[in-house]
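Notes follow the structure.
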Amino acid sequence: MCGIVGFNGHHEAAAVLLDGLTKLEYRGYDSAGIAVRDGSKDATIVKAKGRLDHLKEKTDNGRSVIGTCGIGHTRWATHGEPSENNAHPHCSDDGNVIGVHNGIIENYQELKEKLLRNGYTFYSETDTEVAIKLVDYYYKKYLGTPVDAINHALVRIRGSYALELMFKEYPDEIYAARKDSPMILGVADGESFIASDVPAILKHTRTVYYIGNLQMARVGKGEITFYNLDGDEIEIEPKTIDWDAEAAEKSGYEHFMMKEIHEQPKAVADTLHSAVKDGKIDLAGLGLTEEEIRELQQIYIVACGSAYHVGVAAQYTIEDLADIPVRVELASEFRYRHIPLAQNALVIIISQSGETADSLAALRKAKEKNLKTLGIVNVIGSSIAREADHVFYTMAGPEIAVATTKAYSAQLIAADCIAVYFGMVRGRITEEKGAEYLDALESLPKQIEKILEDKERLQWFASKQSNAHDVFFIGRGMDYAVTLEGSLKLKEISYVHSEAYAAGELKHGTISLIEDGTLVISVLTQKALIEKTVSNMVEVKSRGAYLMGLTTYGNYDIEDVADFTTYIPDTDPHFAISLAVVPLQLLAYYFAVSRGLDVDKPRNLAKSVTVE
């Protein structure tokens, strides 16, 4: 969950590192640090507790730290409380090895005891310090090269890591190693770059290398050599990133989240158009044959967080349009459960980063069971993209705010495309009906723009309700699926307690929590279920609830029940939640702004959960 950067070139490293860390601060922001070496001199290490701004102040925005080779880190604490001592980079007792780390060393206590017996001392509570000193131990024990030392250390380490290391006797090189934590490397104009994620290096280069599990790299100035765990040189093919560099900037918006909410029409359109060929949805490029699709008996959708909520919505759409049973599983539960899995099944893993630890583990479990796997991911070359049998890339571009918006919408449209395509292949959808569905999907970007034009009403409503202590979201069918996401958005960035319930479940206990003034947000886009949900609204209103209704244009009777009503354009009910989610995102955003909170960096959260 932490962010790492590295630079080896001809410019001053500190400024490049701090700029890269700024692009990665969504991955962790309880402390940060850099280590920079100027030729053969000892490295300068500067660390600061808290947000990255503290480190920038401490280094005069990098101007006080001289050198052209360095590494940096922004931390989200896993071992040890946030503090300057626990902040990265860490170093060996004599400063011989300096390093930063993203991941978790599971057997760090055992390794620490080994190092204590060999005379090492420890100043922090982190597993990272143990890893750095273990590399130092093997470097001195075998008198070999950095690759030899890293080799020996990695064989002993259990867990996940993306490591950057600097050795005193190799002042013009950085060494990197990876297992189950994201890392990319790039080169341009005689300079080299390392980062956890693309935005950190996008302004410098579009030529990147995705280092694989249990692989290492020696990073010189504009030159990178890769090694396997045996220390043998290997070749890795470069990839070209086609993201727009401006997509990683705020472009005049106060927060990345609001910018990314406004980028949803483009993300939805780009993802949809990637799946359209000759005027119809065509996913033959995924590699699944029509025969395989026709023979599917079960689909498992496995994901975490908002991606899981996409899965809940996709369950309704795929079952209805393609007539395939779907089970939606939390990745953290799926990976540990012993359940009978249908052999003629497809496992769909949804992850924006393609590096989510639990989702990656679930993917590997599915492959061990010889099940077909399909990844829906946003990052080309990510672990899930490389390991899944088939990949559907969403076209959301870089998403910086911790609370996802455009990635969720891009994943949702990808799932809709799968539902329609599978339905057509399996003969459940006619060519004519498929064309109607495509027309509805093609209309979504313009309809989202229309919703965004009316966001001031939601801003006003949020300012009036932002002191709420408890908020309940209710809906039925696919409306229930979108309330899950609306509730999560509200709680994760505004810190207001909120819950989502299937409206029919209110009578089974939850209604006892309703009292005078409790805000209840009802979503009513499924025409066949509106009447039922309205009756639930009446029930909670009679117990003092303050009601907000979210429905489609034309359902003006909702205003007779709700205290405040907001509308979305009418569309096919299968795709309505692509529109309904937008007001809920805006509501959460304005709640957080009204409460004076940091929208893009909510407390205790990081963007990409790459540790268990």
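The values are calculated or read from the model by the stated rules, or taken from the named source; none is laboratory data. In this text the structure is predicted, and so the values were computed from the model without any measurement. Cβ: placed from backbone, ideal geometry, glycine included. Neighbour counts: every protein chain shown. Only protein heavy atoms, including side chains, enter the accessible area calculation; ligands, DNA and RNA are left aside. Shrake-Rupley method; radii C 1.70, N 1.55, O 1.52, S 1.80 Å.
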Whole number in Å², please: accessible area per residue of the chain, 1.4 Å probe, ligands, DNA and RNA not counted. 37
First check a/c for the stretch 200-357, with a ≥ b ≥ c the square roots of the eigenvalues of its C-alpha gyration tensor; if it is under 1.5, answer rounded, and if not, answer prolate when a/b is larger than b/c or oblate otherwise. oblate
Round to the nearest 10 and give me the degree value, 0 to 90, for the angle of helix 431-452's Cα axis relative to the longest principal axis of the chain. 70
Around Thr373, which amide H atoms from residues at least 5 apart in sequence, or from another chain, sit under 5 Å from its own amide H, with H modelled in the peptide plane? Val347, Asp389, His390
Karplus-derived 3J(HN,Hα), 6.51/-1.76/1.60, for each residue of the stretch 294-302, Hz, glycine and proline x: 5, 8, 4, 9, 7, 10, 10, 10, 10
At what distance in angstrom do the alpha carbon centres of the stretch 511-553 and the stretch 558-601 lie from each other? 15
Cα-based count: Lys pairs in the stretch 108-213 below 21 Å, eight or more positions apart or different chains? 12
Tally up the carbon and sulfur contribution to the accessible surface of the stretch 324-384 as a whole percent, 1.4 Å probe, everything protein left in place. 52
Relative contact order (%) - the stretch 48-135, alpha-carbon pairs under 8 angstrom, separation at least six: 28
In whole angstrom, how far apart do the alpha carbon centroids of the stretch 1-56 and the stretch 434-477 sit? 39
Where GluC sites (Glu not before Pro) fall in DSSP loop in the stretch 427-515, at most 15 other Cβ within 10 Å: Glu453, Glu515
Per DSSP helix of 4 or more residues, -39500 (n - 2.57); summed, then divided by the residues of the chain. What does that give at 222 nm, rounded to the nearest 500? -11000 deg cm²/dmol
Rounded to the nearest percent, how much of the accessible area of the stretch 174-232 (1.4 Å probe, protein heavy atoms only) is carbon and sulfur? 39
What does DSSP give for the chain in terms of the percent of beta bridges that are antiparallel, rounded to the nearest 5? 60
Could you please state how large a percent of the accessible area of the stretch 86-144 is carbon and sulfur, counting protein chains only and using a 1.4 Å probe? 49
So for the stretch 28-67, using the alpha carbon gyration tensor with a ≥ b ≥ c as root eigenvalues (a/c under 1.5 gives rounded; past that, a/b versus b/c decides prolate or oblate), I'd call it prolate
How large is ³J(HN,Hα), in whole Hz, for each residue of the stretch 164-176 in order, when computed from phi with the Karplus curve 6.51 cos²θ - 1.76 cosθ + 1.60 and θ = phi - 60°, using x for Gly and Pro? 10, 9, 10, 10, 4, 7, 10, x, 9, 9, 10, 10, 10
Using θ = phi - 60° and Karplus 6.51 cos²θ - 1.76 cosθ + 1.60, couplings along the stretch 357-373 (whole Hz; Gly, Pro as x): 4, 5, 5, 5, 5, 5, 4, 5, 5, 4, 5, 4, 8, 6, 8, 5, 10
Taking the Cα atoms only, what angle lies between the long axis of helix 264-273 and the longest principal axis of the chain, rounded to 10 degrees? 90
Given DSSP loops and a limit of at most 12 other Cβ atoms within 10 Å, what is the longest stretch of the chain that contains no such chymotrypsin sites (Phe, Trp or Tyr not before Pro)? 337-552
Which angle between 0 and 90 degrees, to the nearest 10, do you get for helix 530-541 versus the longest principal axis of the chain when only C-alpha atoms count? 80
Give the separation of the Cα centroids, the stretch 276-295 to the stretch 117-135, in Å. 52
